[in-house]
Structures are given as C-alpha cells and as structure tokens.
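Just below is one structure, and these are the notes that go with it.
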Amino acid sequence: EGMTYLHNQEPPIIHRDLKSHNIFIHETFIDTEDASTSSKVSSKRADGSEKMETHSTVIAKIGDWGSARATLSGSRTMTHGVGTACWLAPEVIKHARSSKFSDVYGYGIVLWELATREEVYQGLETTQIIAKVANENLRPPIPQDCPWKDIMVKCWAENPLDRLEFSEIVEELNILTKSLQERPSHCQKGSEESSEA
C-alpha cells in the first residue's frame with residue numbers, strides 16, 4: 001500500500017532500493033475489550049492470576065529514502081540504477097534504468113524472503129548474482145507451498161511490462177488474505193489446546 005501511494009504521486013516516486021532491510025516492522029499490542037459490556041477479556045494462568053488478552057497489530061514502514069527519486073513528467077524510467085545486488089532487476093543491471101517495475105521486482109524478492117525466511121542467493125558472490133540475473137534469468141527457487149508464489153513470480157518477470165503494479169499486488173494479496181482467513185486452521189486450534197494444557 002505504501003508503494004502504491006508512492007507510485008501514484010505526480011510525479012511518481014521510485015524507491016530504487018526496495019529490499020527487506022529497508023522495510024521496518026512495528027508491532028503494537030492492544031488490550032481486547034468487549035464493546036457491549038466494556039469488560040476486558042482475560043484468562044486464568046496456572047498460578048491463578050489473570051492474563052489480559054491482547055490484539056496485535058503489525059505495521060510495515062518503508063525506509064531508507066537515500067536512493068529514491070521522483071521521475072520526470074511523462075518519463076517511465078530514469079537512469080543511474082542503484083540498489084543492492086540481490087534485489088536489482090535485470091534492466092537496472094543491464095541498462096542502469098530504474099522504474100516502477102524495478103521496485104516491483106525488488107518486492108518480489110522480499111516476498112520470497114518472507115516465504116522462506118532465508119537469505120536470497122546464498123553462496124553466490126555479488127558479481128555472480130549480477131551476472132546471472134542479467135544474463136541467465138537467475139531467480140530464487142519457487143517455494144511450492146507458498147500461498148503467494150504466483151504473485152511473487154509475476155513480480156520478478158524478466159520483461160518489466162509483464163510485472164504487476166503495486167495496486168494489483170495489494171488487490172491480489174487482499175484476496176489471498178481473505179481466502180486464508182476463511183480456511184479452517186487445524187494448526188491454530190492445536191496450538192490453543194496445547195497452550196491450555
């Protein structure tokens with residue numbers, strides 16, 4: 001949503017270094033209250049004390065604006081490609097031209113990191129990553145059990161025009177989130193039972 005906002009400015013703002021290290025997470029906890037009775041929901045601990053039930057809210061914020069630039073009116077790309085090797089789009093490596101689409105590419109790599117909790121392109125040197133992404137269509141292995149794998153793959157398409165825009169990513173992730181919330185969660189039920197034991 002933040003990148004959609006930036007890309008829809010006039011002129012659009014291109015981050016040019018969108019990567020996991022530049023996305024900051026803030027989590028807040030709010031006591032849960034029953035609105036009809038205004039009484040707080042609590043549960044008994046093993047020692048007899050009461051534990052307040054809380055609701056967690058996670059907010060992601062985009063940071064490190066040192067590389068960001070506003071594009072010229074009517075321009076789809078701009079020169080002086082910057083960024084970090086693992087998140088650089090092929091066209092940025094080859095032609096040093098950043099655009100909305102190169103930001104989307106970097107976000108696709110972030111989605112892979114979220115799915116795998118691994119470092120992208122482990123074992124490869126920066127020069128190897130750059131050469132293979134630019135010339136051999138190198139991408140991380142697609143995690144088959146990842147619910148957002150199709151979105152991820154669309155984000156790092158070789159042709160920038162085949163990539164999603166951030167407004168489409170938001171729409172697809174919202175649909176995916178809703179479908180996942182509607183699915184019965186046996187794992188969650190099991191963890192609740194084990195925590196009560």
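Things to note:
- The residues listed here are Val120, Val133, Val104; of these, the one that is surrounded by 15 or more Cβ atoms within 10 Å (Cβ to Cβ) and either out of contact with any Leu (no Cβ under 9 Å at 6 or more places or on another chain) or without any contact (Cβ under 8 Å) to a residue 12 or more places away in the chain (or both) is Val120.
- Taking every residue in the range 158-178 that is closer than 21 Å to Asn137 by Cα and pairing it with any residue that is open to solvent by 40 Å² or more (accessible area, probe 1.4 Å) and part of a helix (DSSP H, G or I), at least 6 positions away or on another chain, the pairs with Cβ-Cβ distances below 7 Å are Arg163/Lys154; Leu164/Lys154; Glu165/Lys100.
- Residue within the range 119-137 that is modelled with pLDDT of 95 or more, among the basic types (Lys, Arg) and under 23 Å from Asn22 (Cα atoms) present: no
The values are calculated or read from the model by the stated rules, or taken from the named source; none is laboratory data. Just so we're clear, the structure is a prediction, and the values are computed from it rather than from any experiment. Cβ coordinates were reconstructed from backbone atoms using ideal geometry, including for glycine residues, and neighbour counts include every protein chain displayed. The accessibility values were calculated without ligands, DNA or RNA, using every heavy atom of the protein model including side chains. Shrake-Rupley method; radii C 1.70, N 1.55, O 1.52, S 1.80 Å.
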